[in-house]
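Quick notes on the structure that follows.
Please treat every number below as a calculation from the coordinates, not as lab data. Bear in mind the structure is a predicted one, so any value in this text is a computation, not a measurement. Note: ideal-geometry Cβ built from the backbone for every residue, glycine included; neighbour counts use all protein chains shown.
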Amino acid sequence: MRHLPNIWFDRAPDPEIRAAINANARLTWPTADDPLKGVAEADGIIAGASLIYDRSVFSTATKVRVLCRAGIGFDNVVIADATESGVMACNTPDGPTVSTAEHAIALILSLSKRLKESESRLARQEGNYASKHNALELAGARITLIGLGRIGSHVCKIASAIGMNVTAFDPYESEEKFQQLKAKRSHDLMDSVRNAQIVSIHAPLTEATHHLINGKLIQQMADGVIIVNTSRGALIDDQALLQGLDEGKVGSAGLDVTEPEPLPANHPFLERENVLITPHVASATVTGRRRIFLMAVEEILAALGGGRPSNLLNPEVLKHKSLRG
């Protein structure tokens, strides 16, 4: 019987994922209160967002040769610690693209049509519903995308198909990409949001982008702006957003990601009719979840088979003296 590598998930994978992988690997995951139970025997790790993967984890998981962060973001993986420990770190940036972009559009549609507010008025039996319902027609509306990577590009395509006028800010993408997507390029973040009726955030979380959406930027936005975030919660300064909502500068907000996650039951965002919160589930469609985890397993098996993962985040580890073998 051939030896199957031990791939450790930080939570139990769905049965259909297990069925698709079982022939190629032995799957393990925590079954008790200890979130790291079983990781010491793992050859590879498929990581979600719930744990911080630093040297304390790698010192326990001494057999691990590769870690794959399921999804795009990897801010909970300390890359320097992985490299120091001789662990290849990778992610699956293409996995959540479609589902997350669709979720962003769903938030935009829900907020622009004021669905949550309208339902609340109905629940209160207020009457005169049409006269109180001031929705935004999206055909011809102005949207600014902060970030034009994989997800931002897909949002751009859908928004354009609806008939929206798309402006994007992304200093790292090429002119050719903007032209291909027919998006107006803004070279200045402040200028990019000034006339937008909707601002949708698709930037990675780094030291430079932490609280990128702050009070100063919000004050540059048009009155009544809709803000949507499906990237990382820490991109938005919550206090600045709350102030913008209180002042009416921000008309509504749709957040799939928050700081912290999940929000506590008494958080002021959850008490507002003009704020729509989902608990970091944008990529969690049946198809999206399956795609993400199967891609993650492919990355793990490639590394364990002696190859190089296609989305290696720390290529310097390949020359590291402590690379595990």
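Of W8, W29, the sequence from fewest to most neighbouring Cβ atoms within 10 angstrom is W29, W8. When only the Cβ of Lys, Arg, Asp and Glu is charged (+1, +1, -1, -1), the dipole of region 58-144 relative to its Cα centre reaches about 280 debye.
Both the radius of gyration and Dmax for region 71-166 are 19.7, 65 Å, in that order, over alpha-carbon atoms. Counting only Cα atoms, the size of region 214-325 along its three principal axes is 58, 32, 26 Å, in decreasing order.
What translational diffusion coefficient, in µm²/s and rounded to a whole number, does the Stokes-Einstein relation yield for the chain at 25 °C and a viscosity of 0.890 mPa s, taking the hydrodynamic radius as the Kirkwood radius over Cα pairs? It would help to have the intermediate numbers written out before the result.
Values: Rh = 21.3 Å.
Value of D from the Cα-based Kirkwood radius: 115 µm²/s.
When the Cα positions of L255, S186, P171 are compared along the charge dipole of region 97-277, S186 comes out farthest toward the positive end, with charges on each C-beta of Lys, Arg, Asp and Glu.
Taking other Cβ atoms within 10 Å as a rough exposure proxy, F58, F9 sort from fewest to most as F58, F9. Considering only L181, L205, L67, the mean-square fluctuation computed in a Gaussian network model of the chain, springs between alpha carbons under 10 angstrom, is largest for L181. Under a 5 Å amide H cut-off, with hydrogens placed 1.01 Å from N, A89 pairs with L67, L313, N314 among residues at least 5 apart or on other chains. Sorted fewest first by neighbouring Cβ atoms within 10 angstrom, S174, S160 come out as S174, S160.
Dipole check for the chain: with +1 at the C-beta of Lys and Arg, -1 at the C-beta of Asp and Glu, and the Cα centre as origin, the magnitude is about 820 Debye. In angstrom, the C-alpha Rg and Dmax of region 97-277 are 15.9, 52.
Can you give the direction-averaged projected area of the convex hull of the alpha-carbon atoms in region 1-99, in nm²?
On the way: hull surface 27.5 nm².
Average projection, Cα convex hull of region 1-99: 6.9 nm².
Longer than 19 Å from Cα to Cα, which of K116/K216; K157/K177; K157/K249; K157/K184 are they? Say none if no pair is.
Working: K116/K216 28 Å; K157/K177 12 Å; K157/K249 28 Å; K157/K184 13 Å.
Pairs exceeding 19 Å: K116/K216; K157/K249.
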